[in-house]
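Let me begin by presenting the structure, written as C-alpha cells, before commenting on it.
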Amino acid sequence: MTTPRNDTFLRALLRQPTDRTPIWIMRQAGRYLPEYNQTRARAGDFLSLCKNPDLATEVTLQPLARFKLDAAILFSDILTIPDAMGLGLYFSAGEGPKFERPLREEWEIRDLTAPDPHEKLGYVMSAVSQIRRALDNSVPLIGFSGSPFTLACYMIEGQGGTDFAETKKMLYQRPDLLHHILSVNAQAVVDYLNAQIEAGAQAVMIFDTWGGALSHAAYEEFSLAYMQRIVSQLTRFKDGAEVPVVLFTKGGGQWLESMAATGCSALGLDWTTHLGQARQRVGAQVALQGNLDPAIVLTDPDTIAVEVAKTLAQYGTGHGHVFNLGHGVNQFTPPENVQALVEAVHRLSPAYHLADILPA
Ligand code: CP3
C-alpha cells in the first residue's frame, strides 16, 4: 500500500479523523493561472494539451506548486469519452466544446459502443501514471469522468449552452433510445474509471453537471440509476487501499438521500445547498465536498476568509468534509485570491477537528 504522505483528502472522504479540513478546487488547473495559458499555447489548443501526457502532467502539477492543496486532479475533460466514440470533439475559441458528428439518427445511436480505454483513451492512462510518478506520493490523485446523462446531453445536442431541447424531447418521446445511449455511456464510464484506477487514480469523481436540469422523476430514471450502476461496478480497493467515489450532481441538492444510497463515498455539493442541513440529511452515510460559491473567490482576501469561516461553521465540528468550491473556479479569478482561500481553510479549519485529535 502506498499511502500519500498527505492523505488528509482520502481520510476525509472515508470519514476518518483528520487534524484539519482538506481542500482542492474544481478546475484548479486552468485559465486563471498564467502558467497554464503558456503551456496551452505551447500545446496549440486545449484538446492537444489533454492528449499530450507530458503537458497534461505539467499543468496538473501547476496549482500544487503554488498552493498547499491536498489533492491533484487529472488534467483532462469529461468529453474524451464521446470523442473516443468517434463523435469528433473540437473546441472553437470562446465557444466551449462542440461535436462534428452529434447523435442525430437512430442507426447512429444503435451503432454506439463503449471505447476500449486502453486504445483510444490510452493518452489519459499514460497521463495518470505519469502524474502519479511526478507526485511521488506527496498528495493523492483524483481521476474523473462525466455522468452518463451529462455526456449524453453533449452527444445529442452537439454542444453545451443549449436548453437540452433535443435530449429532453428524446427523453419523453423515445426513452428507449436515450436509455440505450445511457447504457453504453455507463459501460464506457465503468471501463474508463477502472482503467484510471488501475493506472494510479486514488479517488474518482463523477461530474453530473446537467442532472439538475431534469424533473424529479426523470433524474432518478435517467441520471441517478446509471450512476448507481457505475458505483456498483467500480474497483473499490486497490493495493490494499479503499478508492473513494464522489458523486456530484450540480443542482442536485434535493436528491442527496437517494444519491447517498448509491453506495458512493461522498457527495459534491454546489453552493445552493446548506452544508449543515446536507450533513444532517446524509452525514452518517457519506462525506461531503464543497461548497463555496466560486464568485466569492473573485472578491478579496478578507471577504474570502469571512465566507470560508461561514462554510466551515455550517458543516460544524468533526470529520467528513472536503473543502471545495461549488463548481469550477472562474477563469477571471486572481491567483492571489486562491492563495487566500487555501490559507483561510488551513488557518480556520483545525478548530473544527479538536475532537478528532484529542483523546476523548
Ligand atoms: O478540475 C480540474 O482541474 C480538472 C480538469 C477538468 C476540465 N474539465 C478541464 C477543462 C475537469 C474535471 C473538467 C470536467 C468538465 N468538462 C465538465 C464537468 C465539470 C463542470 O465544470 O461542470 C464539463 C461539463 C466539461 C465540458 C467542458 N470542457 C466545457 C463546458 C468547457 C468549456 C468551459 C469554459 O469555461 O469555456 C471545457 C473546456 C475545459 N475543460 C477547460 C478546462 C481547463 C478550459 C479550456 C481552455 O483551456 O480553453
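Given bins 5 angstrom wide, list per bin the percent of all Cα-Cα distances in the stretch 65-151, short to long.
For the stretch 65-151, the binned pair fractions read 3, 11, 19, 20, 16, 14, 9, 4, 2, 1 percent.
Among 57-70, 88-101, 209-222, how do they line up by average Cβ neighbours within 10 Å per residue, starting with the highest?
Taking the mean over residues of other Cβ atoms within 10 Å, the ranking is 57-70, 209-222, 88-101.
Would you grab the residues whose amide H sits under 5 Å from the one on GLY268? Only those 5+ places off in sequence or on another chain, please, with H modelled 1.01 Å from N.
Correct list: LEU247, PHE248, THR249, GLN289.
Which ³J(HN,Hα) values in Hz, rounded to whole numbers, follow from the phi angles of the stretch 61-76 under the Karplus curve 6.51 cos²θ - 1.76 cosθ + 1.60, where θ = phi - 60° and Gly and Pro get x?
Rounded to whole hertz, the list is 7, 4, x, 6, 6, 8, 10, 7, 7, 9, 7, 9, 10, 2, 8, 6.
So how far, in whole Å, is the C-alpha centre of the stretch 63-137 from the one of the stretch 1-50?
If you average the Cα positions of each part, the centres end up 16 Å apart.
Counting only helical runs of four or more DSSP H residues, what would the 222 nm mean residue ellipticity of the chain come to if each run contributes -39,500 (n - 2.57) and the total is spread over all its residues?
Rounded to the nearest 500, the figure is -12500 deg cm²/dmol.
Taking +1 at the Cβ of each Lys and Arg and -1 at the Cβ of each Asp and Glu, which of ALA213, GLN339, HIS180 sits farthest along the dipole of the chain towards its positive end, judged by Cα position relative to the Cα centre?
Sorting the options by dipole projection puts first GLN339.
Sorted by average packing, counted as other Cβ atoms within 10 angstrom per residue and highest first, what order do 246-255, 277-286 take?
Ranking the peptides 246-255, 277-286 by packing returns 246-255, 277-286.
Shape of the stretch 141-270 from its Cα gyration tensor (a ≥ b ≥ c, root eigenvalues): rounded if a/c is under 1.5, otherwise prolate when a/b > b/c, or oblate?
prolate
Please work out the C-alpha center-to-center distance from the stretch 178-222 to the stretch 229-256 and express it in whole Å.
Answer, in whole Å: 10.
Per Stokes-Einstein, at 25 °C and 0.890 mPa s, what whole-number D in µm² s⁻¹ belongs to the stretch 294-360, with the Kirkwood radius over Cα pairs as the hydrodynamic radius?
Diffusion coefficient, whole number: 194 µm²/s.
Give the span of the stretch 71-208's Cα atoms along each principal axis, as three whole-Å numbers ordered largest to smallest.
50, 32, 22
Considering the convex hull of the alpha carbon atoms of the stretch 1-65, report its projected area averaged over all viewing directions, in nm², one decimal.
5.9
Starting with the highest mean, order 136-145, 235-244 by the number of other Cβ atoms within 10 Å, averaged over the residues of each peptide.
136-145, 235-244
With angles folded into 0 to 90 degrees, how steeply does helix 34-43 sit against the dominant principal axis of the chain? Use alpha carbons for both and round to 10.
Between helix and principal axis, roughly 30 degrees.
Quick one: what are the phi-derived ³J(HN,Hα) couplings along the stretch 86-94, Karplus 6.51/-1.76/1.60 with θ = phi - 60°, whole Hz, x for glycine and proline?
After applying 6.51 cos²θ - 1.76 cosθ + 1.60, I find x, 7, x, 6, 8, 10, 8, 3, x Hz.
What three numbers, in Å, describe the spread of the alpha carbons of the stretch 209-351 along their principal axes, ordered from the longest?
Over the stretch 209-351, Cα extents along the principal axes are 43, 38, 27 Å.
Regarding the stretch 173-232, what is the average projected area of its C-alpha convex hull, in nm²?
4.4
Quick one, can you get me the convex hull of the C-alpha atoms of the stretch 43-114 expressed as volume per residue in Å³?
Looking at the stretch 43-114, the number lands at 117 Å³ per residue.
Can you give the angle from 0 to 90° between the axis of helix 122-135 and the longest principal axis of the chain, with both taken from C-alpha atoms, to the nearest 10?
Helix 122-135 sits roughly 10 degrees off the main axis of the chain.
For ASP136 and TYR172, compute 0.36 nm times the residue count separating them, minus their Cα-Cα distance, and round to one decimal in nm.
Taking ASP136 through TYR172 to full extension adds about 8.0 nm, to one decimal.
When the Kirkwood radius is taken over all Cα pairs of the stretch 238-315, what Stokes-Einstein diffusion coefficient follows at 37 °C and 0.692 mPa s, in µm²/s?
In µm²/s, the coefficient is 244.
Relative to the longest principal Cα axis of the chain, at what angle does helix 175-199 sit, 0 to 90 degrees, rounded to 10?
Value to nearest ten degrees: 50.
Taking just the C-alpha trace of the stretch 258-298, give me its Rg and Dmax in Å.
Just the Cα atoms of the stretch 258-298 yield Rg and Dmax of 11.0, 35 Å.
Antiparallel as a % of all DSSP beta bridges within the chain, to the nearest 5?
Approximately 25 percent, going by the DSSP bridge assignments.
If all Cα-Cα distances of the chain are sorted into 10 Å bins from 0 onward, what percent lands in each bin, rounded to whole numbers?
5, 25, 35, 26, 7, 1, 0
In 10 Å bins starting at 0, how do the alpha-carbon pair distances of the stretch 1-148 split up by percent?
10, 35, 32, 17, 5, 0
No lab work stands behind these numbers, since they all come straight from the coordinates. Only a predicted model underlies this, so the values are computations on that prediction, with no experimental measurement involved. For neighbour counting, all protein chains shown are included, and Cβ atoms are generated from backbone atoms with ideal geometry for every residue, glycine included.
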